[in-house]
């Protein structure tokens, strides 16, 4: 009797399970059929012959991009400035985790929140940079971002607590995003389309090539003068580079 009642109770559950399985496989079959239909429709589109595009050897492409970049005063200045900034950025950031955990005594969760603050600043920069450029212009936005970055780096090294450090990292993320958007947009406007890939490749190679040296320098400075020292030093170097490049940037961007 107990066995009959168990079988009777199990039958509705099995029936419901079969229905769910049927619906799952049925919906999945419909999805597969839609993919097959899409593939069949795409196959009916007219085919175009592929154009044979001759790509120059890598050395030739690099030489062409470098030659074009060197001849353009504004972009070569921005490339040099990017190289200094990435060098200085890595000079400071390479010991950020030690500054946060050993000097300001943050735990792993606090350091994660610190990085999250920097990410929020970068996100906000991406959302409002276009409005900032439209309102104040590309040149003022660019110079403001660079000058703010100088102050922020000096301030990071002098941060009295984690809250100040997190706020400065957020501002740093914001202005870096603003600087990136302005310079990338400028390259897209100035460089001919057939040369854009080559010039961008050389530009980034020159701009990012000093990052390993910046990390090495940051470690040496922190070892010799303490964990707070790399950021103010990086800020001062960025300030000097900005003062040297500012007349060229102002003159060149006004002539665009």
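The values are calculated or read from the model by the stated rules, or taken from the named source; none is laboratory data. Since this is a predicted model, take the numbers as computed values, not measurements. Glycine gets a Cβ as well: all are built from the backbone with ideal geometry, and neighbour counts include every protein chain shown.
Looking at residue 101 and the list (1) part of a helix (DSSP H, G or I); (2) buried (at least 19 other Cβ atoms within 10 Å of the Cβ); (3) more than 20 Å from the chain's Cα centre (by Cα), which single condition is not satisfied?
Among (1) part of a helix (DSSP H, G or I); (2) buried (at least 19 other Cβ atoms within 10 Å of the Cβ); (3) more than 20 Å from the chain's Cα centre (by Cα), the lone unmet condition for residue 101 is (2).
Just to be sure before I move on: is residue 156 in contact (Cβ under 8 Å) with a residue 24 or more places away in the chain, out of contact with any strand residue (DSSP E or B) (no Cβ under 9 Å at 6 or more places or on another chain) and crowded, with 22+ Cβ neighbours inside 10 Å in the structure I sent?
yes
Could you count how many residues in the stretch 222-239 are more than 14 Å from residue 93 (Cβ to Cβ) and assigned to a loop (DSSP other than H, G, I, E, B)?
Here the count works out to 1.
Can you go through 178, 142, 168 and tell me which one is buried (at least 16 other Cβ atoms within 10 Å of the Cβ), modelled with pLDDT of 90 or more and under 20 Å from residue 251 (Cα atoms)?
142
Can you tell me which of 112, 126, 89 is buried (at least 16 other Cβ atoms within 10 Å of the Cβ) and out of contact with any strand residue (DSSP E or B) (no Cβ under 6 Å at 6 or more places or on another chain)?
Exactly one of 112, 126, 89 is buried (at least 16 other Cβ atoms within 10 Å of the Cβ) and out of contact with any strand residue (DSSP E or B) (no Cβ under 6 Å at 6 or more places or on another chain), namely 89.
Of all residues in the stretch 162-196, which are out of contact with any helix residue (DSSP H, G or I) (no Cβ under 8 Å at 6 or more places or on another chain) and within 21 Å of residue 148 (Cβ to Cβ)?
163, 180, 184 - these are the residues of the stretch 162-196 that are out of contact with any helix residue (DSSP H, G or I) (no Cβ under 8 Å at 6 or more places or on another chain) and within 21 Å of residue 148 (Cβ to Cβ).
Within the stretch 188-198, can one find any residue that is surrounded by fewer than 20 Cβ atoms within 10 Å (Cβ to Cβ) and under 26 Å from residue 112 (Cα atoms)?
no
Can you spot a residue in the stretch 209-230 that is at pLDDT below 90, exposed (fewer than 15 other Cβ atoms within 10 Å of the Cβ), out of contact with any strand residue (DSSP E or B) (no Cβ under 9 Å at 6 or more places or on another chain) and within 28 Å of residue 155 (Cα to Cα)?
yes
Looking only at the stretch 208-243, count how many residues are on the phi > 0 side of the Ramachandran plot and under 22 Å from the mean Cα position of the chain (by Cα).
0
When you look at residue 43, is it within 30 Å of residue 226 (Cβ to Cβ) and either out of contact with any strand residue (DSSP E or B) (no Cβ under 6 Å at 6 or more places or on another chain) or modelled with pLDDT under 85 (or both), yes or no?
Taking the combined requirement at face value, the residue does not satisfy it.
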